[in-house]
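The values are calculated or read from the model by the stated rules, or taken from the named source; none is laboratory data. Please read these numbers as outputs of a predicted model, since none were measured by experiment. Positions of Cβ are generated from backbone atoms using ideal geometry, with glycine treated the same way; all protein chains shown enter the neighbour counts. Side chains are part of the model used for accessible areas, which takes the heavy atoms of the whole protein and leaves out ligands, DNA and RNA. Shrake-Rupley method; radii C 1.70, N 1.55, O 1.52, S 1.80 Å.
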Amino acid sequence: MTSAELPAVPPVLRFAPSPTGLIHIGNARTALLNALFARRGGGRFVLRFDDTDPERSRREFADATEEDLAWLGIEPDLVVRQSERLPLYAETAERLKAGGRLYPCYETAEELERRRRVQLARGLPPIYDRAALALTDDDRRKIEAEGRRPHWRFKLEAREMTWRDLVRGDSRVDASSLSDPVLIREDGSYLYTLPSVADDAALGITHVIRGEDHVTNTAVQIQLFEALGAPVPAFAHHNLLTAASGEGLSKRTGSLSLRSLRESGLEPMAVASLAVLVGSAEAVRPVETMDELAGLADLGAISRAPAKFDEGELDRLNAGLLHAMPFASAAPGLAALGIGGGEEFWLAVRGNLARFADAALWWRVVSGPVAPAIEDAAFARQSADLLPPAPWGDETWKAWTAAVKDATGRKGKALFLPLRLALTGLDHGPDLASLLPLIGPDRSRARLAGETA
Ligand code: GLU
């Protein structure tokens with residue numbers, strides 16, 4: 001966000017998922033862009049569950065979404081559920097009816113489909129023909145007497161809708177090319193559009209940041225805000241994330257769910273960094289804090305092309321975060337894993353971690369038990385005899401290996417690898433200069449003697 005984009009009054013933003021599945025990294029992108037914009041502007045961030053469809057919405061998905069966002073570092077200032085706000089939508093619908101903007105229609109899906117085909121065959125755009133507007137009160141009574149219930153359409157004004165999109169720049173959609181959208185179904189339930197606008201107005205939403213699949217909806221929604229006499233928020237439509245294959249992400253298939261990324265042991269900031277920076281002018285890099293990321297979440301820098309997302313990048317970002325992570329940030333996680341060793345241990349091993357939990361492996365190498373791997377028992381015994389007296393520090397490894405080199409004539413790999421295998425049981429790992437003092441004289445002697453210690 002550049003300072004020119006920052007609103008003069010504290011902004012109010014919202015993330016509005018329908019709780020029909022686990023949220024994925026593309027949803028996280030939308031949530032983060034909204035939450036970070038609010039954070040930068042000293043405003044508020046609302047989590048709104050679009051759960052008016054009782055068939056597909058599930059409370060457990062809403063709860064999972066809240067948990068996943070919290071893991072990512074997003075704590076909303078307010079959580080609302082559309083299923084609890086139905087009176088507001090009924091009242092909004094009444095106002096639209098009174099203003100002549102919401103009208104009852106009785107066509108069946110088959111009738112509409114038949115008309116559509118005729119229009120297409122004649123080379124006409126397949127737009128709803130507003131036949132229902134010609135019905136008289138008498139016609140409606142007769143139809144309803146047959147037991148038919150109306151669905152309700154919003155009467156669009158046939159004009160070009162324009163807005164200055166904070167991502168896409170000047171944007172226009174000709175509303176005369178759109179069908180009057182159905183806002184209320186035959187069973188009285190609401191489609192997404194009316195509750196969304198009613199809530200955005202009632203909650204004082206100042207900025208709507210969402211995926212570019214909503215651009216056409218925006219033209220309709222601006223007319224709705226205007227019909228309700230509500231201020232029209234600013235809009236920003238960001239590019240969508242696609243998998244490396246170019247395929248879109250879907251909540252229903254569970255692709256790249258935040259849950260699965262979290263369970264794979266990734267750091268939340270690795271996921272957040274990629275979700276925000278991919279497909280923008282900013283280089284994708286590990287960002288340590290939300291405040292820093294807020295400074296980089298520039299709506300104007302988001303590209304127009306789809307943001308191709310490579311899952312492998314997450315490993316690179318995760319390693320980058322761990323390798324630079326200060327002890328203070330790591331300490332709670334180390335304690336949770338039952339790892340001691342303090343800052344010395346953390347600084348010794350962080351450069352070798354792909355996942356935070358790998359620290360447990362190195363803690364075991366330090367604190368035992370380790371089964372040493374010894375190829376040449378005589379060499380190991382001779383090396384053990386040359387171990388310097390305690391206390392051990394940063395220089396101990398260098399002094400010891402120099403002494404072993406002098407005594408045995410070994411050097412390079414022939415010197416270092418057998419010592420590493422004996423001391424750690426492994427042929428790779430953190431710098432032994434840092435590990436040796438942590439392993440300590442007793443365990444070192446025992447391991448060099450071939451004992452598990
Ligand atoms: N529930 C809608 C969706 O998930 C919200 C869109 C919007 O932000 O207005 O696509």
Task: Environment charge at Pro369 (Cβ cut-off 10 Å; Lys +1, Arg +1, Asp -1, Glu -1) - done: +2
TODO: Provide, in order from the shortest bin, the percent of all Cα-Cα pairs of the stretch 178-241 in each 10 Å bin, continuing until the bin that contains the maximum pair distance.
DONE: 20, 52, 26, 2
- [ ] Let me have the 222 nm mean residue ellipticity of the chain computed from DSSP H runs of 4+ only, each contributing -39500 (n - 2.57), with the sum over all residues rounded to the nearest 500.
- [x] -14000 deg cm²/dmol
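Between Ala360 and Ala244, 0.36 nm times their residue separation minus their Cα-Cα distance comes to what? Don't skip to the end; give the middle numbers.
Details: separation 116, 0.36 × 116 = 41.76 nm, distance 3.24 nm.
Separation in residues times 0.36 nm, less the Cα-Cα distance, equals 38.5 nm.
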Open item on the list: Rounding to the nearest 10 and keeping the result within 0 to 90°, find how far the Cα-based axis of helix 432-448 lies from the longest principal axis of the chain.
Closed with: 50 degrees
- [ ] Any lysines with Cα under 22 Å of the Lys411 Cα? List them, leaving off those in the same chain fewer than 8 positions away.
- [x] Lys398
Open item on the list: Restricting everything to alpha-carbon atoms, can you work out Rg to Rh for the stretch 46-87 with a Kirkwood hydrodynamic radius?
Closed with: 0.99
- [ ] Using every pair of alpha-carbon atoms in the stretch 242-339, split the distances into 10 Å bins beginning at 0 and state the percent of pairs per bin, rounded to integers.
- [x] 14, 43, 32, 10, 1
Task: For Asp174, net neighbour charge (Lys/Arg +1, Asp/Glu -1) across residues whose Cβ lies under 9 Å away - done: +1
Task: Intensity falloff of the stretch 1-85 expressed as log10 I(q)/I(0), Debye formula with alpha-carbon point scatterers, at q = 0.10, 0.14, 0.23 Å⁻¹ - done: -0.25, -0.48, -1.07
- [ ] First compute the accessible area of the stretch 355-453 with a 1.4 Å probe, then give the percent of it belonging to carbon and sulfur atoms.
- [x] 53 percent
Task: Dipole in debye (nearest 20) - the stretch 227-295, about Cα centre, beta carbon charges: Lys, Arg +1; Asp, Glu -1 - done: 360 debye
- [ ] Write out the GluC sites (Glu not before Pro) in the stretch 1-80 meeting two conditions: DSSP loop, and at most 14 other Cβ atoms within 10 Å of their Cβ.
- [x] Glu55
Open item on the list: With a 1.4 Å probe and all protein chains left in place, how much of the accessible area of the stretch 277-324 comes from carbon and sulfur atoms, in whole percent?
Closed with: 49 percent
Task: For the stretch 154-168 versus the stretch 316-355, the gap between their alpha-carbon centres in whole angstrom - done: 50 Å
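Using the Kirkwood formula over every pair of different C-alpha atoms, what hydrodynamic radius in Å results for the stretch 129-198?
Roughly 14.6 Å, rounded to one decimal.
If you take all C-alpha pairs in the stretch 71-150, what percent of them are over 20 Å apart?
Above the 20 Å cut-off, the stretch 71-150 has 59 percent of its Cα pairs.
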TODO: Using per-residue counts of other Cβ atoms within 10 Å, averaged over each peptide, order 203-210, 400-407, 237-244, 112-119 from highest down.
DONE: 203-210, 237-244, 400-407, 112-119
- [ ] Note the angle between two axes, namely the Cα long axis of helix 59-72 and the longest principal axis of the Cα atoms of the chain, as a number of degrees from 0 to 90, rounded to the nearest 10.
- [x] 50 degrees
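Can you list the equivalent-ellipsoid semi-axes of the stretch 1-157, largest first and in whole Å, using the square root of 5 times each Cα gyration tensor eigenvalue?
40, 19, 18
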TODO: For the chain, find the longest principal axis of its Cα atoms and tell me its angle to the long axis of helix 396-408, 0 to 90°, nearest 10.
DONE: 50 degrees
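What are the equivalent ellipsoid semi-axes of the chain, built from the alpha-carbon gyration tensor (square roots of five times its eigenvalues), in whole angstrom, biggest first?
Semi-axes from the Cα gyration tensor: 64, 20, 19 Å.
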Open item on the list: Please report the spacing between the Cα centers of the stretch 406-440 and the stretch 280-304 in Å, no decimals.
Closed with: 42 Å
TODO: Skip the ligands, DNA and RNA, and give the accessible area per residue of the chain with a 1.4 Å probe, whole Å².
DONE: 46 Å²
Open item on the list: Can you report the principal axis dimensions of the stretch 112-252 using only the alpha carbons, biggest first, rounded to whole angstrom?
Closed with: 51, 38, 33
Task: GluC sites (Glu not before Pro) within the stretch 338-415: DSSP coil, no more than 14 neighbouring Cβ in 10 Å - done: Glu375, Glu395
Open item on the list: With equal scatterers on the alpha carbons only and no solvent term, can you work out the Debye log10 of I(q)/I(0) for the stretch 201-280 at 0.13, 0.26 1/Å?
Closed with: -0.60, -1.25
